[in-house]
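So the structure is just underneath, and the comments pick up after that.
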Amino acid sequence: MDHYAAQRLLYEEVPASADELSDEEEEDFDRLVQSIRQNARTDASGLAHDWDQQLEAQNATFRDDLKAASGIGLKRANKGKGKGKRAPRAGPTLSHQVRALLGDGNQAYVDADLPAAIRLMSEVIRIEPRAASAWTVLAQCYADLNMPAPALQLRIMAAHLRRDPEEWIRLAQQSRVNGAAQQALYCYAKAYAADPDNVAVLWDRAALAREVNDLRAARASLVALLRRLPHDLNVLAALRPVLVELGDLAACAECYETAWKHYQEAFPTGQAGADGAVNPFGVLEILVLADLHSALGAHQRAIHVIKTGMRWLQGRGTQAYWDSVPDDREYDLPTMMTRPLNEGDIPPGYFPLDLNARQRLAVARIRMGDTEEGKLHASVVLAEEPTDYAPLFAEIGDAYFEKGLWAEAKGVYEVLGGDVGTSSIQILMQAAACYHMLGELQEAAEVYESVIQADPTLNDAKMKLAGIYEATGEVHRAYDLVCQVIDSRKRRARDPTDTREGTAREGTTDPNTSLFAEDRTATARKAPKPRTGLTRAQLEAMEKEREKEAAQGWARVKELWGQVVGGEEEGTDMEKDGDVAPPEADAVVSADAMDVDSEADGDVEAGNRPTQDDAKRKGKRPDRVTARREWLLEAEKLIEMFRETRRLFTTDRVNEKIEHFRTIHFDDWLRMTMQYCFLVTRDGDYPLAEEILRHMMLSNAYVSQARQNTLRIALATCAIAAQRFDTVVEQTRKVVYTHQFNDEPIRLLLASLASGLRPTDAFIRATLQKFLFREMKLRDAASVTPDLVRWVPGRRWTYAGGAGGAKGEEEDDDEDKGEKDEGSGSADRPPLPKEYSPVNMIAYGMTCVAARSYQSALVYLLHAYDYSPDDPVLCLLLAIASLGRAMQRQADNRHHLIAQALAFLSKYRAVRSGVRGGRGETDYNFGRAFQQLGLFSQAVTHYERVLKRAEAGETVVFVREAAYNLALIYSVTGARPLADGLYRKWLSI
């Protein structure tokens with residue numbers, strides 16, 4: 001008789017029972033029966049995959065909410081479940097046939113006729129699976145046949161029909177001995193369900209889950225245990241490494257925060273209570289909580305935890321006034337540097353502080369940018385013996401390194417690297433990186449060489465050393481190292497043995513000895529398959545390395561930027577005092593990079609740049625050209641790193657709370673990208689700049705409207721420099737479309753197409769004219785008759801019922817692709833304008849003037865004049881339109897139009913007369929009007945005034961234009977000598 005008999009005996013269908021079973025154990029029992037029957041058909045071992053899913057759902061009952069586990073919130077009511085052990089369940093009513101078969105089976109067992117007993121009990125189970133005695137006798141038969149595996153499985157089936165927690169515990173222990181870990185976990189879960197007061201079961205289940213690396217099961221057990229033992233520090237100590245490995249640091253910090261509040265209430269003085277109870281929440285727990293907050297980036301909260309927690313443990317919990325002190329003078333040492341105090345300031349407290357806590361303060365202060373305060377604490381820690389506190393030293397050095405304080409970090413790493421007991425590959429690599437960033441290339445090379453000598457397989461050190469060799473001109477040595485790295489990667493690819501797959505797991509048992517898939521862990525539902533990809537640990541290590549590379553590259557980019565724009569003058573730094581400036585403001589400031597000296601317009605290849613050693617030998621810093629080339633190379637590496645990260649360009653991964661990527665703020669990534677695009681556009685590679693900026697618009701990091709505006713304005717800036725005004729119109733038009741009823745985007749569009757033939761051609765295109773016309777009509781309707789417009793959720797205001805410009809809205813379908821508002825509620829709607837603004841009408845009138853449709857221009861400009869009669873631009877436009885219409889043959893009253901033009905010019909002069917440089921401007925425009933009318937004598941008078949004002953030192957914008965027009969008049973009237981004089985004086989280069 002083979003050991004599959006226990007599975008094959010349930011081959012036939014089980015008839016429906018008259019009893020409706022709703023209990024959880026009976027539901028699990030039914031699923032087990034069905035799974036055993038299905039596996040018996042397919043001759044498979046273990047439970048089916050659908051049972052694995054059901055088991056996961058059953059285990060989910062252990063995964064209570066962590067807030068409830070910490071005492072926050074209400075516990076879910078257990079319907080139908082009492083406290084303590086459950087009473088044994090009475091079996092089902094058995095038919096006479098079943099009772100007769102049971103009697104025959106028991107008699108066969110007593111007579112030692114095991115085959116007959118197995119056959120009879122199997123028939124009983126086929127008829128009535130809930131007959132517990134049949135399962136028990138059948139299990140004993142297999143045990144007598146020396147077949148422990150099926151016997152254990154049958155006892156587990158029988159245990160479902162009783163409510164005996166002790167039986168479940170025995171089954172769990174036996175499964176554990178047999179190596180069936182998942183089966184043991186299941187039995188422990190059933191034991192706890194039968195006796196919820198037995199916390200020892202949860203401890204055993206959590207310990208077993210940790211042994212088999214089933215972290216989710218361990219977390220579920222420990223959280224359930226924490227609900228039974230709220231704020232128990234032993235449970236928290238066991239739960240902490242599990243949550244850390246799962247990456248759920250926030251939940252871990254919340255549990256410790258809640259426990260801390262509990263013990264603060266229980267022990268207000270932080271010392272032993274009145275009943276002699278000792279406060280278990282000590283320095284170690286305070287440090288753990290601070291470390292969790294630091295790991296989450298909440299450095300200010302970590303500082304608060306340390307200061308407040310240590311104060312509470314010292315019995316000074318009532319001294320809350322220390323919280324108002326921005327620094328850490330409460331824990332100053334008498335040997336520290338004296339702080340400058342103003343009148344009324346709280347003097348230093350000189351209270352004792354554990355060295356580990358002081359080190360946490362130092363690291364948190366440094367990482368949050370309070371470097372000077374952090375250095376005070378770091379100096380105390382670094383004064384200790386490094387062999388005794390090597391981990392503390394290393395964390396301080398890493399904090400300095402992350403903030404780009406290379407000199408301070410170098411000093412720490414030198415101390416650690418100088419002792420065999422504290423040195424390591426990581427320490428030496430960090431020290432070499434500090435040397436490199438400080439320009440000490442020879443020292444960096446020596447450290448990298450020692451690292452490679454200690455570990456020849458470390459390709460990262462070889463690549464960094466190759467970069468130093470290249471910078472110092474030792475190209476051949478750099479080439480040799482690169483070849484070694486390439487060969488190493490090829491050998492690794494050809495090596496059929498993959499250590500990442502590991503060997504067979506110890507304790508692996510025959511799958512037929514367990515009801516469950518024993519290779520199933522919390523992180524893998526199916527059996528592991530051979531794979532060539534990287535493991536999670538390797539991916540995390542690779543990501544940390546990339547973060548370090550990004551931080552180093554960003555530090556170098558910031559360092560070089562001041563030289564790129566011509567010095568370290570105020571306002572040229574990419575980042576001031578750690579503050580992140582808004583990128584939309586920086587989009588205009590960074591455009592100054594377009595005006596760098598032409599000497600930097602040459603080849604930007606790395607091979608042609610001078611080395612840093614050359615600059616040292618000359619006794620000066622690298623010149624501007626070299627700094628510019630190096631900046632471009634470093635920025636290009638970082639931008640490609642950003643663009644190659646797929647998760648930054650997936651639309652389903654928008655998380656507004658995340659503002660950093662590889663330690664660099666998204667605004668800094670954006671600022672650097674714009675500056676790089678400005679420079680490459682200046683070098684003549686506009687297509688590359690356009691490609692990068694359009695790609696960045698698709699990133700989920702820049703979905704916010706403010707950042708989209710910044711990118712569009714940056715692209716328009718590059719397009720202006722490259723004379724690509726079709727792109728200028730496209731981007732500025734989208735900004736106008738997005739910011740409905742806002743005048744500033746329209747002014748931006750007009751300023752982007754200020755003057756020139758190509759901008760004018762782009763300005764008078766029919767598509768732009770129609771767009772401005774629709775915006776003008778819609779704004780008029782919204783301000784005069786709001787009932788005619790309606791809000792389209794997630795888009796913009798439009799005509800109600802499709803009236804008035806529905807066709808035009810269809811033409812603009814491409815405008816709103818990707819331009820929808822982030823929300824569709826009423827809070828996201830731009831408010832309807834209360835008053836009509838003439839800016840839309842002036843813009844449309846400008847297009848009509850540029851297209852020489854003067855009559856249409858007069859209609860709309862005169863309408864705008866009713867709203868803004870003192871606008872000098874509007875008055876000048878009306879004068880131009882009137883003169884233009886007067887020069888056309890279709891003009892009805894030419895003299896009236898000329899008089900009207902001069903009237904508007906006079907109004908324009910009156911408005912502009914008080915503005916600096918306004919008189920020269922008005923004289924030029926009057927001269928231009930008289931020149932168009934053929935009144936040369938009047939034109940000459942005004943042009944000469946412009947030139948005289950310029951000679952007198954006044955600010956005049958149109959000096960060359962006035963001189964050129966005056967020279968034309970002199971040439972036409974035959975005064976060539978006067979024209980030549982103007983050419984030589986004003987128009988010569």
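The values are calculated or read from the model by the stated rules, or taken from the named source; none is laboratory data. From a predicted model like this one, the values you see are computed outputs, not experimental measurements. So basically every Cβ, Gly included, is an ideal-geometry build from the backbone, and we count neighbours across all protein chains shown.
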- In region 232-258, residue surrounded by the fewest Cβ atoms within 10 Å (Cβ to Cβ) [restricted to those that are among the hydrophobic types (A, V, I, L, M, F, W, C) and free of Cβ contacts under 8 Å to residues at least 12 places away in the same chain]: 237
- Could you run through region 366-399 and say how many residues are under 23 Å from the mean Cα position of the chain (by Cα) and in a helix (DSSP H, G or I)? 4
- Task: Just name the residue that is nearest to residue 750 (Cα to Cα) out of those in region 686-714 that are touching a Phe, Trp or Tyr at 6+ places or on another chain (Cβ under 6 Å) and not in a helix (DSSP H, G or I).
- Result: 698
- Taking residue 743 as the residue in question, decide whether it is modelled with pLDDT of 85 or more, surrounded by fewer than 20 Cβ atoms within 10 Å (Cβ to Cβ) and out of contact with any strand residue (DSSP E or B) (no Cβ under 6 Å at 6 or more places or on another chain). no
- Task: State yes or no: is residue 694 without any contact (Cβ under 8 Å) to a residue 60 or more places away in the chain and farther than 21 Å from residue 629 by Cβ?
- Result: yes
- Query: Could you say whether any residue in region 172-189 is at pLDDT 85 or above, part of a loop (DSSP other than H, G, I, E, B) and out of contact with any Phe, Trp or Tyr (no Cβ under 9 Å at 6 or more places or on another chain)?
  - Reply: no
- Picking from 673, 681, 727, the residue that is under 29 Å from residue 763 (Cα atoms) and in contact with an Asp or Glu (Cβ under 8 Å, 6 or more places away or on another chain) would be 727
- Query: Does region 133-153 contain any residue that is buried (at least 16 other Cβ atoms within 10 Å of the Cβ) and either closer than 30 Å to residue 232 by Cα or modelled with pLDDT under 80 (or both)?
  - Reply: no
- State the number of residues belonging to region 271-296 that are within 20 Å of residue 663 (Cα to Cα) and surrounded by fewer than 14 Cβ atoms within 10 Å (Cβ to Cβ). 0
- Query: Between residues in region 643-654 that are not assigned by TED's automatic domain parsing to the domain that holds residue 666 and exposed (fewer than 10 other Cβ atoms within 10 Å of the Cβ) and residues that are at pLDDT below 70 and not in a helix (DSSP H, G or I), which pairs lie under 7 Å by C-beta distance while being six or more apart or on different chains?
  - Reply: none
- Members of region 216-226 that are in contact (Cβ under 8 Å) with a residue 24 or more places away in the chain and crowded, with 20+ Cβ neighbours inside 10 Å: 217, 218, 219, 220, 221, 223, 224, 225, 226
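Taking region 333-361 on its own, how many of its residues are on the phi < 0 side of the Ramachandran plot and over 37 Å from the mean Cα position of the chain (by Cα)?
Of region 333-361, the ones on the phi < 0 side of the Ramachandran plot are 333-343, 345-349, 351-361.
Narrowing the set further to residues that are over 37 Å from the mean Cα position of the chain (by Cα) leaves 333-343, 345-349, 351-352.
Residues meeting the conditions: 18.
Would you confirm, using the coordinates I've provided, whether residue 886 is under 19 Å from residue 842 (Cα atoms) and touching a Leu at 6+ places or on another chain (Cβ under 6 Å)? Break it down stepwise before answering.
Details: under 19 Å from residue 842 (Cα atoms): no; touching a Leu at 6+ places or on another chain (Cβ under 6 Å): yes.
Answer is no for this residue.
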